[in-house]
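Visitor: A single structure is presented below for examination.
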Amino acid sequence: MVRLKGIIPAISDAGVFEKFLRSEQEVCFLMNMHVSLVSSLIQKGHAAGKKIIVHLDMVGGLSDDEQGCEYLCQALKADGVISTRGRIVYTAKKNHRTAVLRMFLIDSRSVDKGIELVNEIHPDYLEILPAIATDIIPEIQKQTDTALIGGGLISREEQIQHALASGLEAVSCSQTALWYRKK
């Protein structure tokens, strides 16, 4: 399993991926790309000693089902998979890849259903969106034994600090300027 800590670059562009390769960051999330580009970026990332976790729900040209997940894990050699679908996360775990379940905090029902799914499939990580909804973090931590990460709506360093202080292990962020936070 890939350890997710601190800031995780969320990448939707090949040019931004090149910045990631030159950065000290070890892990990134890939999304909003075509499968052929994902394949070449995974290869480049691995050649540079990086870990690549792919958001399967957001890969064009690859089915977001169990077979697509197996292809992503076995043929493309992704280090991990992100999905909002429990069966995809379960398939990633079966393929010995880091499995990240993504949960949108829309209302209390979505939180309850998300917690129920986490406790059923036991992903390696639960990514909570938006990351700025930190008030709910303690409640989710009480009801699950899964490491939490956050994503979405992060635009300032203070938000990252607050999210990490709230109990999140990591925060995914697409803004390259925020990848280089002061320690």
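Visitor: Loop only per DSSP, at most 12 neighbouring Cβ atoms within 10 Å: give me the chymotrypsin sites (Phe, Trp or Tyr not before Pro) in the stretch 120-181, ordered by residue number. List each step's numbers first, then the result.
Guide: Numbers: sites: Tyr125, Trp179, Tyr180; in loops: Tyr180.
For chymotrypsin sites (Phe, Trp or Tyr not before Pro) across the stretch 120-181 that sit outside H, G, I, E and B with at most 12 neighbouring Cβ atoms in 10 Å, the list reads Tyr180.
Visitor: Expressed as a fraction of 2.2 N^0.38 Å, the rule-of-thumb size for a compact globular protein of N residues, what is the C-alpha radius of gyration of the stretch 6-178?
Guide: 0.98
Visitor: Continuing with the same structure: Run the numbers for Asp13 and Gln175: contour at 0.36 nm per residue of separation, minus the present Cα-Cα distance, in nm. Intermediate values should be presented prior to the final figure.
Guide: Values: separation 162, 0.36 × 162 = 58.32 nm, distance 1.18 nm.
Length difference between fully extended and current span is 57.1 nm.
Visitor: To the nearest 0.05, how large is the calculated FRET efficiency for Leu153 and Asp65 if R₀ is 30 Å and r is the Cβ-Cβ distance?
Guide: Numbers: r = 29 Å, r/R0 = 0.96.
So the FRET efficiency works out to roughly 0.55.
Visitor: Here's something else I'd like to know. At a threshold of 8 angstrom on Cα-Cα distance, excluding pairs fewer than six apart, so keeping six or more, what relative contact order does the chain reach in percent?
Guide: 20 percent
Visitor: Here's something else I'd like to know. Which length gain, in nm to one decimal place, applies between Gln74 and Glu120 when the Cα-Cα distance is subtracted from 0.36 nm times their residue separation?
Guide: Going from the current span to full extension adds 14.1 nm.
Visitor: In whole angstrom, note down how far apart the Cα centers of the stretch 104-122 and the stretch 34-55 are.
Guide: Between the Cα centre of the stretch 104-122 and that of the stretch 34-55, the gap is 29 Å.
Visitor: Here's something else I'd like to know. How much net charge surrounds Ser83 when only other residues with a Cβ under 9 Å from its Cβ are counted (Lys, Arg +1; Asp, Glu -1)?
Guide: Values: positive: Arg85, Arg87, Arg102; negative: Asp57, Asp64.
In short, +1.
Visitor: Name the GluC sites (Glu not before Pro) in the stretch 1-66 that are in a loop by DSSP and that have at most 10 other C-beta atoms within 10 Å, would you?
Guide: Here the sparse-neighbourhood loop sites are Glu24.
Visitor: Right, here's the next one. Could you tell me what % of all Cα pairs in the stretch 1-55 have separations over 12 Å?
Guide: Working: 902 of 1485 pairs.
Within the stretch 1-55, distances greater than 12 Å cover 61 percent of Cα pairs.
Visitor: Enumerate the whole-percent occupancy of each 10 Å bin, from 0 to the last occupied one, for all C-alpha pair distances of the stretch 84-170.
Guide: P(r) over the stretch 84-170, rounded to whole percents: 18, 52, 26, 4.
Visitor: For His46, what charge total do you get from the other residues with a beta carbon under 14 Å from its beta carbon, if Lys and Arg give +1 and Asp and Glu give -1?
Guide: +3
Throughout, read-outs are computed from the coordinates displayed, never taken from laboratory work. In this text the structure is predicted, and so the values were computed from the model without any measurement. Please note: Cβ atoms are built from the backbone with ideal geometry, for glycine as well, and neighbour counts cover all protein chains shown.
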